[in-house]
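Notes follow once the structure below has been shown.
The values are calculated or read from the model by the stated rules, or taken from the named source; none is laboratory data. Keep in mind that what you see is a predicted model, and the values were worked out from it rather than measured. Cβ atoms come from the backbone with ideal geometry, glycine included; neighbour counts cover every protein chain shown. The area values use the complete protein model at the heavy-atom level, side chains included, leaving out ligands, DNA and RNA. Shrake-Rupley method; radii C 1.70, N 1.55, O 1.52, S 1.80 Å.
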Amino acid sequence: MSSSSNMPTLRTLPAAGAFLALGCVGLISAPAQAAEDDATAASSTIVVTGQRETEVISAKAIAPVINTPRSIVVVDSQVIKETGSATLVDALRTVPGITFGAAEGGNPIGDRPFIRGFDSQGSTFVDGVRDIGAQTREVFAVEQIQIVRGSDSTLGGRGGAGGTLNIVSKLPKAGDFAALDVSYGTDDYKRVTGDTNYRLSEMVAVRLAAMWHDQEFANRDAIFARRWGIAPSITVGVGTPTRLTAAYYHLHQRELPDSGIPYLYTQINAPLGDTIVEPANRFTTIGGATGKVARDAFYGLKSRDFRKSDTDQFTLRVEHDFGGITLRNTARYGRNSQGYIYTQPDDNQGNVFGTNAANAATAGGLVWRRANTRYGTTESMVNQTDLFGKFATGSVEHSFAAGAEFALERADRGIYLAQGAAILATGSTISPRCTAAAIARFYCTNAFTPNPNDPWVSYLNDTSTMIVPVVKSGPETRIVSTGNTFGLYAFDSITFSDALILNLGARYDRFRSSVTPALAVGATGPRTKYSRSDGVFNYQIGIVFKPSANTSLYASYATAATPPNSLLGEGQELNAVGSTVNLGGTQTAFLIDVNSLKVERTKSYEAGGKTDLFNQQLSLSGAIFRTETTNARVIGEDGLPSFVGSRRIQGVELGVNGNIAPWWNVFGGYTYLDAVIQDGGFVSLTVAAVSGQLAKTVRVPSFATGRQFPQTARHSASLFTNFTFGKFQIGGGAYYVSRVFGGYADNRVATQNSAGVVTVTPATKIISRSIPGYVRLDATASLEFSKAVSLRVNVQNLTDKRYFTQAYQNHYATIAPGRSAFATLGLKF
């Protein structure tokens, strides 16, 4: 999708190939300046057309895309620019089969993509190096984004059950150029990005990417996002066998987080039967009041809510070419810090619809402004060494990559609270939540007419009149997690003939993790650290049959492994250390929990085909796949972790990319996902005390068993297209996502008699929290005045569609902005 009037020939990108080549194997290490002409890059199932960067290669690029048995999508800088994307999430919305979760249940605010139904927040890499900190990523310094789909631990190590993301950075090139883009639009949208590359000498090149961004959001009251970033880099030894690259990246962000729209019903007040619960819109409360939740309704508090984050990365790479073999070493230090207080509306209390019409506090039409708070820091030191190249054994050709990774990672997190107290005063101790006193303190607000300018005040507690500052909790309250990784990996693409290729890959990781639990506020007792170590082996195998030079058929098998504490608390830890079972809170109990855990394992089967048509101007791809987790961690009938859960997802992926005609190009695809929780384990019911019997807990089969994966759309499709007429270009995008479920609940009740016999009453209410499917349309047009000056206009959400982008397990859903437009003046020097 080039903005140029001269449509270039469709080419396989070295970068794409890099990733794909791993094709059954490896993660992209990062761009390099030499060997770029020698590298036969692997590409994605969708190869982006237009004028693309060709320098991005990978240490693990062992086969071109057509010869790689793997489903991968590449979104490059041109697609990012033409679609008007400013963040990683913006760019990923152009790719079908990816949905998004958000912060709840201990999960921090940050990018949380779901690939093939699995949370991939912890499987995000920058230039092949794992990036553990929860954050909202920018694209100003991004060359391309690579999505590898399917079980993928052979490429990157732990995690990767549904796929991984690799972000390729802008690094120095051989030539000189400078570009400046200045954008201005509706809702006070302002953005400036710059990208310049300069050859200081025959051997030295420098590059600088920078960004400043400030915006509000269409049809969303009060919220804003402001950020700036800078990414300088230098390469010494350009065009020589030995090269040294040093790079730095900094991103500062400040925003008012969007708390979305609460769900209408909870398990408490839903109608009888099986109900699909959606965010509140127009409704009548249990007390008889009728109203409509405005699209711009914002339940947060400008006087309380905020989010601030900083990301810093230092990268040093040295590489040397020994003829057809290259040795490369990459070292990186990364640090991410963020702090926030944001409102979770209602918090599943039943205040929106109401629970009892006889009491004003429970008659509905109200929203509790629960505060979700967190501050934390992540640090990582990673060193990766790669050896890659080609050799032959007789008539058999090998393209290989081998390497080692050593990583030290640490994450610590705490909360914000009222000084001198154990929590922040938000009305959490008031029952029912939305009493007159709670409303007077702005702990609750009207569901139909919330006011973000309400003057919330931090009191010592919910009943005190003493005003105290909001502070970070002390060191004793911080949860500290660490992870040490040592990994070895090797990949080989074996060409037996022009028609038969075998791809192999294997990786072994030793992952040692620890958790130091938090103490109560003000506690002075000893801190105890709980550790475990896991050895993890993963492998991939794929075979490619080529009926012709431009067509391939393939089949592959791959595994993934998720050891306990693999996210270090920086995502939703479904296999966390010590976080789901409480056997009395003693250290011994915690240790039992640690020792009872296991590694979750996933396997993926895939078969597909790829073809390049019209003299390699148009690429088509298709794949069928099945991914299975048969030992997922669930709660067993005894209340302890049990690794017998079962999740299965299978589906179809189609992709199209390239030039249908010299003046018409397309980028898109379709994904069908049949994702089922086959065994969700057990959930707990509390049995009230009766005469002669104490209260107890019983376990019943999970209500999620047999239901669709949360955060997963059954159908999704995207198509972005451009028509070029001389210097003028016009195009747009259409994006479809079917219904997505956030979570499930029912109202089963357990009772007991005086003899202790427990009876479980079947559910009369089953709720499925969800967001409806939607179609979003975008439009774009550009005019190239000269080689140095161009103007592009983007209109996003052209029809002003009211839709939701994230379905939370409880509480609320994230609503998308309305129609917005901005113009970008592009200057090249």
message = Students often forget the sequence filter, so: which lysines lie under 19 Å Cα-Cα from residue 529 once same-chain residues fewer than 8 apart are removed?
response = 598
query = Got a sec to turn the phi values of segment 181-196 into Karplus ³J(HN,Hα) couplings, 6.51 cos²θ - 1.76 cosθ + 1.60 with θ = phi - 60°, whole Hz, x for Gly and Pro?
reply = 10, 10, 10, 8, x, 5, 6, 6, 6, 9, 8, 10, 10, x, 8, 9
task = Whenever you get a sec, line up 660, 430, 147 from highest to lowest accessible area (probe 1.4 Å, protein heavy atoms).
result = 660, 430, 147
query = Just the C-alpha atoms of the chain: what Rg/Rh do they give, with Rh taken as the Kirkwood radius?
reply = 0.97
ask   = Setting aside same-chain residues fewer than 8 positions from residue 546, which lysines have a Cα under 16 Å from its Cα?
value = 610
message = Taking a ≥ b ≥ c as the square roots of the Cα gyration tensor eigenvalues, with a/c under 1.5 meaning rounded and otherwise prolate when a/b beats b/c, else oblate, which class fits segment 146-288?
response = oblate
query = If you roll a 1.4 Å probe over the heavy atoms of the protein chains, what accessible area per residue do you get for the chain, in Å²?
reply = 37 Å²
Solvent-accessible area of residue 314 with every protein chain in place, 1.4 Å probe, in Å² to the nearest 10 = 100 Å²
remark   = Dividing the helical contributions, -39500 (n - 2.57) per DSSP H run of n ≥ 4, by the residues of the chain yields a 222 nm value, nearest 500 deg cm²/dmol, of -1000 deg cm²/dmol
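Just to be sure I follow the definition: excluding the sites themselves, where is the longest run in the chain that has none of the GluC sites (Glu not before Pro) in a DSSP loop with at most 12 other Cβ atoms within 10 Å?
Longest gap between qualifying sites, sites excluded: 203-636.
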key: Flagged links, alpha-carbon separation over 20 Å, of 190/292; 727/787; 170/828; 81/190   = 190/292
note = Residue by residue through segment 79-90, the couplings from Karplus 6.51 cos²θ - 1.76 cosθ + 1.60 with θ = phi - 60°, in Hz, x for Gly and Pro, are 5, 4, 5, 5, 7, x, 6, 10, 10, 4, 5, 4
request  = Would you work out which of 452, 826, 62 lies farthest towards the positive end of the dipole of the chain? Charges go on Cβ: Lys and Arg +1, Asp and Glu -1.
outcome  = 452
task = Would you work out which of 356, 345, 309 lies farthest towards the positive end of the dipole of segment 308-403, given +1 charges on the beta-carbon of Lys and Arg and -1 on that of Asp and Glu, about the Cα centre?
result = 356
ask   = Carbon and sulfur: what percent of the chain's accessible surface (1.4 Å probe)?
value = 59 percent
task = In whole Hz, with x marking every Gly and Pro, tabulate ³J(HN,Hα) for segment 533-538 from phi via Karplus 6.51 cos²θ - 1.76 cosθ + 1.60, θ = phi - 60°.
result = 9, 10, x, 10, 10, 9
query = Rounded to the nearest 10 Å², what accessible area does residue 131 show when all protein chains are kept and the probe is 1.4 Å?
reply = 20 Å²
request  = Roll a 1.4 Å probe over the protein heavy atoms and report the accessible area of residue 184 in Å², nearest 10.
outcome  = 140 Å²
inquiry  = Using only Cα atoms and rounding to the nearest 10 degrees, what angle (0 to 90) does helix 587-596 make with the longest principal axis of the chain?
reply    = 40 degrees
query = Treating the beta-carbon of each Lys and Arg as +1 and of each Asp and Glu as -1, no other charges, what is the dipole magnitude of segment 155-279 about its Cα centre, to the nearest 20 debye?
reply = 740 debye
inquiry  = Using only the heavy atoms of the protein chains and a 1.4 Å probe, how would 466, 211 rank by accessible area, largest first?
reply    = 466, 211
request  = Specify which residue in the list 519, 488, 694 is farthest towards the positive end of the charge dipole of the chain, using unit charges on the beta carbon of Lys, Arg (+1) and Asp, Glu (-1), about the Cα centre.
outcome  = 694
ask   = What is the magnitude of the charge dipole of the chain about its Cα centre, with +1 placed on the Cβ of each Lys and Arg, -1 on the Cβ of each Asp and Glu, and no other charges, expressed in debye to the nearest 20?
value = 1100 debye
